[in-house]
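Read through the structure below, which is laid out as structure tokens, and then see the notes.
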Amino acid sequence: MRHEAFSVANGFLVRRVITNDRPYQHRCPLACYERIAIAIDDLKGAVFTQTDLVERFQAAGQPIPSSQIAAATAFLEQRGVLDAVEGGRKAASPSVRIDAMIEYHALRE
């Protein structure tokens, strides 16, 4: 069984997961979270994977760790900003960035 929860602490989106009684957590700083949302908007609704985003940031010379991308995209999917589709995820919103920031700040409050 898997349990997943999100919170905001000290400017980080925090993803806490318990799988098979083994807990772990990943943190994504707000600045990276926003960059991820903008990158998804730039895809204009195309299906993408976590690897696609990692490679996109590496190619731009501004790498973001895959754990941070995973935390951000899992949160956005949970909040309905992204849809899981065959082959990856895609935007469920015309403005992922705006919805992502609303969800982040709503969680923070």
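Distance between the 7 Å Cα→Cβ label points at LYS44 and ALA84: 2.9 nm. A convex hull fitted to the Cα coordinates of the chain yields 101 cubic angstrom per residue. Charges were assigned to the Cβ only: +1 to each Lys and Arg, -1 to each Asp and Glu. The resulting dipole of the chain about its Cα centre is roughly 240 debye.
The C-alpha atoms of the chain define a longest principal axis, and helix 50-59 lies at about 60 degrees to it. Largest accessible area first, the residues THR49, THR73 order themselves as THR49, THR73 under a 1.4 Å probe with ligands, DNA and RNA left out. Put GLU103, GLU77, GLU55, GLU86 in order of accessible area, highest first, and with a 1.4 Å probe you get GLU86, GLU55, GLU77, GLU103.
Across the options TYR33, ILE102, ALA92, the greatest Cα extent toward the positive end of the charge dipole of the chain (unit charges at beta carbon of Lys, Arg, Asp, Glu) belongs to TYR33. So, with a 1.4 angstrom probe, what is the percent of accessible area on region 25-109 that is carbon and sulfur? Accessible surface attributable to carbon and sulfur in region 25-109 totals 49 percent. If one puts a single equal scatterer on every Cα of region 1-42 and applies the Debye formula without solvent, what log₁₀ I(q)/I(0) results at q = 0.19, 0.25, 0.32 Å⁻¹? After summing over all Cα pairs, the log10 values are -0.63, -0.81, -0.98.
Taken along the Cα-to-beta-carbon direction at a fixed 7 Å, the label points for GLU109 and GLU34 span 1.8 nm. The residues of the chain expose on average 56 square angstrom of accessible surface per residue, using a 1.4 Å probe on protein heavy atoms.
The values are calculated or read from the model by the stated rules, or taken from the named source; none is laboratory data. As the structure is a prediction and not an experimental result, all values here were calculated from the model. For neighbour counting, all protein chains shown are included, and Cβ atoms are generated from backbone atoms with ideal geometry for every residue, glycine included. Note: accessible area is taken over every heavy atom of the protein model, side chains too, but ligands, DNA and RNA are not part of it. Shrake-Rupley method; radii C 1.70, N 1.55, O 1.52, S 1.80 Å.
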